[in-house]
1. At 1.4 Å probe size, what's the solvent-accessible area of residue 360? Round to the nearest 10 Å².
2. Which value, in debye to the nearest 20, gives the size of the charge dipole of the chain about its Cα centre, when Lys and Arg are +1 and Asp and Glu are -1 at the Cβ?
3. So, with +1 on the Cβ of K and R and -1 on the Cβ of D and E, and no other charges, what is the size of the charge dipole of the range 1-119 about its Cα centre, to the nearest 20 debye?
4. If each DSSP helix of 4+ residues adds -39,500 (n - 2.57) and the sum is divided by the residues in the chain, what number results at 222 nm, nearest 500 deg cm²/dmol?
5. Mind scanning 167/348; 167/361; 167/287; 251/348; 251/361 and naming the pairs with a C-alpha gap bigger than 24 Å?
6. From the phi angles alone, apply the Karplus equation (6.51, -1.76, 1.60; θ = phi - 60°) to the range 75-85 and give each ³J(HN,Hα) in whole Hz, x where the residue is Gly or Pro.
7. Please determine, in degrees from 0 to 90 and to the nearest 10, the orientation of helix 35-46 with respect to the longest principal axis defined by the Cα atoms of the chain, where the helix direction is its Cα long axis.
8. In degrees from 0 to 90, rounded to the nearest 10, what is the angle of the helix 88-100 Cα long axis to the longest principal axis of the chain?
Amino acid sequence: MRGFGTTIFAEMSELALSTGAINLGQGFPDTDGPREMLDAALLAISSGRNQYPPGAGVPELRLAIAEHQRRFYGLSVDPDRQVLVTAGATEAIAAVILALCEVGDQVVTFEPYYDCYAATIALAGATRRTSVLRFPDFAVDETSLRGAFSDRTRLVLLNTPHNPTGKVFSRAELELICSLAREHDAWVVSDEVYEHLVFDGAVHIPIATLPDMADRSITISSAGKTFSATGWKVGWLHGPAEAVAAARTVKQFLTYVASGPFQPAVAVALGLGDDMYHGVASTLQAKRDLLCAGLSAAGLEVARPAGTYFVIADAAPLGVSDALDFCRQMPSLCGVVGVPVSVFCDDKDATRTLVRFAFCKADEVLDEAVIRLSALAAHQARPTTTL
Ligand SMILES: Cc1ncc(COP(=O)(O)O)c(C=O)c1O
């Protein structure tokens, strides 16, 4: 694991703490999820559900996951054979990749990518082949994607809605990915943890709903994002029974089980009404608008995200040539912390001046961040300042 040292999030969070800067680097919400879910967890703890849950997850959660997939996407999933509850989406990703990949296999993914993808592919002894999504629209480049496939391709690791770009993959893009996967007899593993965080009427299309994909795809999600419970680490996957069985075998030796009393609570959350789901998206959309306006006013070029709770902004108009240096200076320049997008990339040049900011924060925090960010525009106005 050489090369996978301390993550940039640890460095930037420490920087925020030591300087009193507002931390828009790391993507965790600063408010709690639905009251019904929190109460259900308290009840589970006080009623003694504190020991190892079943290896595949508690039955009511597996049922709630299957019912959620039916309710929102019309998918038919067998809760007993096709669902596995995991320690967050992170463990689901690891269990699937370790289950499906042999040493020397290739995994196709898009970059920038969520940081655990590269590490997990490396742990499996596989190699990543990436296709770059380029600022500002992050569209899939067909030629580059085709070039990433080979006769060693074992699976495609997809993430929609996509962290860090905020992109929601279009149906045409997903169809292209699926047709290449079929051509190369590859699996598609789809990380959909931001499935409910979409804005302006954008539609999240689960990979398993595309023609003939239910049999060659594994879908991953998590309670962390939808229900603002990142610390509970309740995730899941579903797919064809044999693939789920293989992932379950790996999972036995990763954590075995996790999050006992939180599992029934997430089952309650998944069954909440449409209002709760719409509320999550509309609240975040307003926060997105607030932060995007602040970043633009500060002089950065913003790629307005259609989903997730991240926005990427280009600091080049401020005279920045290296976003990593800029992020290290941001606490003293304006008292806000972001993360350089290059840390999510193999091709550092594609994102040299881009910074990712999280907007899943209380409105007062975002209001204050916007005021502080305006100092960047003032710096820019002074010709002698170099950033
Ligand atoms: C794209 C993506 N996948 C997976 C995860 C991890 O999810 P969990 O906390 O449920 O392990 C994250 C968390 O930030 C993420 O952004």
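The values are calculated or read from the model by the stated rules, or taken from the named source; none is laboratory data. Note that the structure is predicted; figures quoted are calculated from it, not measured. Heads up, the Cβs are rebuilt from the backbone with ideal geometry, glycines too, and the neighbour counts pull from every protein chain shown. In case anyone asks, the SASA skips ligands and DNA or RNA and just uses the protein heavy atoms, side chains included. Shrake-Rupley method; radii C 1.70, N 1.55, O 1.52, S 1.80 Å.
1. The accessible area comes out at roughly 10 Å².
2. Approximately 440 debye in magnitude.
3. Result for the range 1-119 is approximately 260 debye, rounded to the nearest 20.
4. The per-residue figure over the chain is -13000 deg cm²/dmol.
5. Correct reply: 251/348; 251/361.
6. Result, rounded to whole Hz: 8, 9, 10, 7, x, 8, 10, 10, 10, 9, 8.
7. 60 degrees
8. 60 degrees
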